[in-house]
């Protein structure tokens, strides 16, 4: 047991040693570059969580390939903000929550902490329910039992943190690989019209007001508050840097990883839309729920396609729930300087999901509500990130240049405006040109 623990701890030590050799110029090549891979892979799980499944299925079922360009745009915005979050941690050695605590008035800090904690719990609600739904459908279990199994698996994954950062990075990376492989298989099973998919991926169009509303949902729920907080924390001390030259090197590796990891996440989301389009659009455009999609896939594309779909959902739910708990812990520690045991954190974030099921609330409805909560919380970390990464007194020579500030401001304006529309629509209020929720 002791030997196993030593080996697991040394895995992180070996990764750090390799990174130091690369920064010192003594090692090059793919092997050295892999030592810097991990933070963006973990953060990318937020873009493949169960909340994305329902939105992408609905988009493909109702509008075919017509909203693929929206998924592509959303992914581009996500890349920018995750890159900025990673940069903040690398340059300052502090995460976003800690910088908020250091630079904002105390009442603002406490308010941000409360809102961010609620957002973390809402995130975990969606992710935890998604994994439980997948398990219950695949193994014909009651939803409650699926939740218990999901809780046990995610708790086991969280325990890997005790052995250093590298084991969990590798596990999450493997799960990302499973999700990607599942949708690669789906692309061979589903009769995809590749020419049409390629055309709609780069051709912006909205057929009607309902398509606009769904586009709002796709973009508005793309950049996750917990992912912004988490990424800065994952990079802040992972590879200690001693000077600006080393910071530049680590930033280059980080930016490459963000592009690759978020590209994979974007391709998975596009594959979800394409699968739903090819399977449901022609004869079942009303499909909008995960359970309905599974039961409809079986007669249309066979049990294999339905099984692969659920496997990807379970992998998504379990991994994203684990990452959500990590983010919640980091948010609490950053804002108030207090760390609670992982088991207690896991218990607190699970409780809302168990309450939802115990009250008989529709799981898909709960997912929708959780996305609205995230929309309400998103402006705080997004605007804070833009403020801090643009300040020379905090970032030094790494402060955002003018072009980055403009592009980031435009991206933030798009996301926040669409989040506002999503919130208003969900509340049942009418907006000229848009259908009611």
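The values are calculated or read from the model by the stated rules, or taken from the named source; none is laboratory data. No experiment lies behind these values; they were computed from the predicted model shown. Here Cβ is always computed from backbone atoms with ideal geometry, including for glycine, and neighbour counts include all displayed protein chains.
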>> Can you tell me how many residues within the stretch 162-183 are loosely packed, with under 15 Cβ neighbours inside 10 Å and at pLDDT below 90?
In response: 1
>> Against the conditions (1) more than 23 Å from residue 74 (Cβ to Cβ); (2) touching a residue at least 40 places away in the same chain (Cβ under 8 Å); (3) in a helix (DSSP H, G or I), where does residue 175 fall short? Just the number, please.
In response: (1)
> For the stretch 385-424, which residues satisfy the criterion of being within 16 Å of residue 100 (Cα to Cα) and either touching a residue at least 60 places away in the same chain (Cβ under 8 Å) or outside the structural domain of residue 222 (by TED's automatic domain parsing) (or both)?
Replying inline: 385, 386, 388, 389, 394, 395
>> What's the total number of residues in the stretch 227-259 that are under 19 Å from residue 74 (Cα atoms) and surrounded by fewer than 24 Cβ atoms within 10 Å (Cβ to Cβ)?
In response: 3
> Just one of 108, 149 is surrounded by fewer than 19 Cβ atoms within 10 Å (Cβ to Cβ) and in contact (Cβ under 8 Å) with a residue 12 or more places away in the chain; which is it?
Replying inline: 149
>> I'd like to check something: does the stretch 209-226 contain any residue that is modelled with pLDDT under 90 and exposed (fewer than 14 other Cβ atoms within 10 Å of the Cβ)?
In response: yes
> Is the stretch 271-280 home to any residue that is over 21 Å from the mean Cα position of the chain (by Cα), under 23 Å from residue 134 (Cβ atoms) and surrounded by fewer than 24 Cβ atoms within 10 Å (Cβ to Cβ)?
Replying inline: yes
>> Just checking, does the stretch 280-289 include any residue being assigned by TED's automatic domain parsing to the domain that holds residue 201, assigned to a helix (DSSP H, G or I) and at pLDDT below 85?
In response: yes
> Is it the case that the stretch 295-302 has a residue that's over 19 Å from the mean Cα position of the chain (by Cα) and either crowded, with 24+ Cβ neighbours inside 10 Å or within 30 Å of residue 108 (Cα to Cα) (or both)?
Replying inline: yes
>> Among the residues that make up the stretch 159-172, is at least one of them more than 18 Å from the chain's Cα centre (by Cα), part of a helix (DSSP H, G or I) and over 27 Å from residue 237 (Cα atoms)?
In response: no
> Do any helices (runs of 4 or more DSSP H) lying entirely in the stretch 371-437 carry at least 2 residues that are modelled with pLDDT under 90 and touching a helix residue (DSSP H, G or I) at 6+ places or on another chain (Cβ under 6 Å), and which ones are they?
Replying inline: 379-389, 402-426
>> Please return the ranges of helices (runs of 4 or more DSSP H) entirely within the stretch 1-80 where 3 or more residues are more than 30 Å from residue 269 (Cβ to Cβ) and either in the same structural domain as residue 204 (by TED's automatic domain parsing) or modelled with pLDDT under 85 (or both).
In response: 2-23
